[in-house]
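Report on the following structure.
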Amino acid sequence: MSTISAAYQAKISIIVPAFRAEGSIETCVQSLQQQDLREIEVVVVNDCSPDRTGELVARLAADDPRIRLLTPEQNLGVHGARRLGLSVSTGDYIGFVDADDFVEPNMYSTLLQRLEDDVASIAICSAALVSNGRRLAVLRVGMRRTEVVTDDILPRFCRLKFGSGVLWNKLYKREVILGPGLLELEREVDASEDYIVNFGAFAAARTVTVCTDPLYNFVAHDSNASGQQGWPVFARLFRAYVVCLEKYAEQEPSLAPLIDELYLKQLHYPNYNMGQHGAPSPDVLEHIATSIQRMANVSPLSIYSILHALPLRYARLNRVLNALGKG
């Protein structure tokens, strides 16, 4: 692992995991350099990219001590890269940006002001959807109203009342994100890890402040994980569901119903409607079977929550469960 510039003591640390991002990383990092809040550090984790990602970030870092470039010895995956970036960060507040996205110049000054004014643990903004270089009328994540929330924070998060459970349209006080952000998670949950991390963060939060401004720009392209469908995507989310139960409900069983609610909300999305797909491949079936066995060990009632909440859409899954002797 190499550091291009010395550690920069900052108010906010912004962590950018990057892999094969040579076409977007400059736009991403430059949008962070152009923030009207200067007290930031940008921690880019070049996750063993085989392209020019690291070279391009190093060039930007040479002229800006606020940019730190980390290069792990082996590919870590999205969560592992964020985890590494978080472990070396110095800021009192933490933000995350994906390498193919970019942010508005006032994103972090706005969210920091909200955190300080409202004495909050987490600040959230809306996110615009960008396609072919232009913002679309529809938002990627739309917050309905400006508000400060102090009660039922975790149940509201699990009902998706704070919009999506992603990491990148939020700013966190360090103490609420550090524990869940440093969790060791298996690679199988990459692209679904945000909800696991945020479950812990929102469990620790005492106040959440929300603004409607679309300060984050989500760039749509074919490889966005959220646009994928089919049994492999279901299997990945199902594994994330199990891991979330293992990380939190194993020690505190009362959290299991909230985790069930969170993942059942996600499983309502059309992408996870397995009724429109054929039978899973043997490998995917084995992956699901392992997840079911692990779920049975930590929270057997969660299996029944899935089947009872979504009996029609998951008729095919029901048959899978029965075939495995777990239905």
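Read-outs throughout are calculated quantities, based only on the coordinates presented, and are distinct from any laboratory measurement. This structure is a prediction, so every number in the text was calculated from the model and none was measured. Counting neighbours? That spans all protein chains shown, and the Cβs are built from the backbone with ideal geometry, glycine included.
Observations, loosely collected:
- Applying 1/(1 + (r/R0)^6) with r as the Cβ-Cβ distance of ASP213 and ARG159 and R0 = 35 angstrom yields a FRET efficiency of 0.95.
- Across GLU252, GLU193, GLU261, mean-square fluctuation computed from a Gaussian network of the chain (C-alpha pairs under 10 Å connected) peaks at GLU252.
- Here r is the Cβ-Cβ distance between ARG294 and ALA220 and R0 is 25 Å; the resulting FRET efficiency, rounded to 0.05, is 0.15.
- Here r is the Cβ-Cβ distance between ASP152 and LEU307 and R0 is 25 Å; the resulting FRET efficiency, rounded to 0.05, is 0.40.
- Taking only alpha carbon atoms, region 12-225 gives an Rg to Rh ratio of 0.93, where Rh is the Kirkwood radius.
- DSSP beta bridges in the chain [antiparallel fraction, %, rounded to 5]: 40 percent
- Taking all Cα pairs closer than 8 Å and separated by 6 or more residues, the relative contact order of region 12-225 comes to 26 percent.
- In region 1-92, GluC sites (Glu not before Pro) in a DSSP loop with at most 11 other beta-carbon atoms within 10 Å: GLU73
- Virtual spin-label span in nm between GLU261 and ARG145, 7 Å along Cα→Cβ: 1.9 nm
- Each principal axis of the Cα cloud of region 102-248 was evaluated for its coordinate range; sorted largest first, these ranges are 43, 39, 23 Å.
- With Cα atoms, 0 to 90° folded angle of helix 300-309 axis to the chain main axis: 90 degrees
- When +1 charges are put on Lys and Arg Cβ atoms and -1 charges on Asp and Glu Cβ atoms, the dipole computed for region 12-225 relative to its Cα centre reaches about 520 debye.
- In degrees, nearest ten, helix 77-88 long axis to first principal axis of the chain (Cα): 50 degrees
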